[in-house]
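Report on the structure given below.
The values are calculated or read from the model by the stated rules, or taken from the named source; none is laboratory data. Small disclaimer: the values here were computed from a predicted structure and weren't measured. Counting neighbours? That spans all protein chains shown, and the Cβs are built from the backbone with ideal geometry, glycine included. With ligands, DNA and RNA removed, areas are computed over all heavy atoms of the protein, side chains included. Shrake-Rupley method; radii C 1.70, N 1.55, O 1.52, S 1.80 Å.
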Amino acid sequence: MTVSEIVTPKFISMKGHPELHEKWLQNHLTEHPELLQLGPELEVLKTEHRQPTGGRLDLLLQDAESETRYEVEIQLGAVDESHIIRTIEYWDVERRRFPRHEHIAVIVAEDVTSRFLNVISLFNRTIPLIAIQLKAVEVNGSLTLVATRVIDLMPLGTEEDETQETTNRAYWERKASPESLRLVDNMVKLIRNIHPGIEPKYNKNYIGLLVGGNAKNFVEFVPKKNHVIARFRLPQDETQSGEIEDAGLVMLSYDKNFGRYKVRLVQQDLEAHRDFLLELARKARQMLG
């Protein structure tokens, strides 16, 4: 490409546009949720999702692997107070109704002004809240949508900093499956090669690691019906990502909020990649200090 081929885009206001109305945008995002860049495997659970308290949530999205749910509210034009409050209200309703999922509130607007950028940032300190500025752009007679994440999730600390509701093995066998728990058992046995005395700690949302009553969560596990998601606390690194992919393991989207690689495991993975998984755990243990 040469400099002469660069064209100047034309920004188009969707608010008040005869064709680019909110319903059109909602339908387009329903067909192409990846435009919001919230995750690689997004699925649309519902549109115009009726709320028990009244009103309708524009989009309810879910990450197919992590089962994180995104409560998405769309607004044409500049974001305003009512839009912010409505987004948080719907997020709160959904997280209370479906507590086994992680929930994230998402505001989508054409313009997030500096005034409300500050307001949303204040909420973002206590509520998992993402703000996305979505612009319609015309280039050479073709229309495209450009999404910019102007406020991302703020890391609020690790689970060790929070009071976790302790459960037991039976809870996870009911929630996931006995087979998945046996895979966790085998992973814990493997990790004892680098950290003797490690035992599983059954929390409500994940299974952590425990030594002498103290949390050592350099690796965590989220059992599912047919597999286990292992979360290794390691900084994101291109070399490390390449090694996981080259090993033939299924790597899920990196958890930037807590700094974790997420790997989908079945029993065959442990048998085929025992040494590699042990090395991942070793690196995570060294990062813990």
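Regarding Leu190, is this residue touching a helix residue (DSSP H, G or I) at 6+ places or on another chain (Cβ under 6 Å) and surrounded by 14 or more Cβ atoms within 10 Å (Cβ to Cβ)? Yes: the conditions hold for Leu190.
Does segment 218-228 include one or more residues that are closer than 23 Å to Asn193 by Cβ and open to solvent by 50 Å² or more (accessible area, probe 1.4 Å)? There is no residue in segment 218-228 that is closer than 23 Å to Asn193 by Cβ and open to solvent by 50 Å² or more (accessible area, probe 1.4 Å).
Just one of the listed residues (Arg274, Arg282, Arg231) is open to solvent by 20 Å² or more (accessible area, probe 1.4 Å) and under 25 Å from Tyr171 (Cα atoms), and it is Arg231. Among the residues of segment 2-54, those that are at positive phi and either open to solvent by 50 Å² or more (accessible area, probe 1.4 Å) or charged (D, E, K, R) (or both) comprise Gly16, Gln37, Glu48.
Among the residues that make up segment 33-49, is at least one of them of a type in the set (A, V, I, L, M), in a helix (DSSP H, G or I) and either at pLDDT below 85 or closer than 17 Å to Asp111 by Cα (or both)? Checked against the condition, which is being of a type in the set (A, V, I, L, M), in a helix (DSSP H, G or I) and either at pLDDT below 85 or closer than 17 Å to Asp111 by Cα (or both), segment 33-49 yields at least one hit.
Looking only at residues of segment 234-261 that are open to solvent by less than 30 Å² (accessible area, probe 1.4 Å), under 27 Å from Ile127 (Cα atoms) and not basic (Lys, Arg), we find that the one that is nearest to the chain's Cα centre (by Cα) is Asp255. Considering only residues in segment 125-136 that are touching a Leu at 6+ places or on another chain (Cβ under 9 Å) and open to solvent by 10 Å² or more (accessible area, probe 1.4 Å), the one that is farthest from Val93 (Cα to Cα) turns out to be Lys135.
The residues listed here are Asn257, Asn193, Asn205; of these, the one that is out of contact with any Phe, Trp or Tyr (no Cβ under 9 Å at 6 or more places or on another chain), touching a residue at least 40 places away in the same chain (Cβ under 8 Å) and within 25 Å of Ser177 (Cβ to Cβ) is Asn205.
Listed by first and then second residue, the pairs linking a residue in segment 78-98 that is among the basic types (Lys, Arg) to a residue that is buried (at least 18 other Cβ atoms within 10 Å of the Cβ), with Cβ atoms under 7 Å apart and 6 or more places separating them unless they lie on different chains, are Arg86/Glu73; Arg95/His103.
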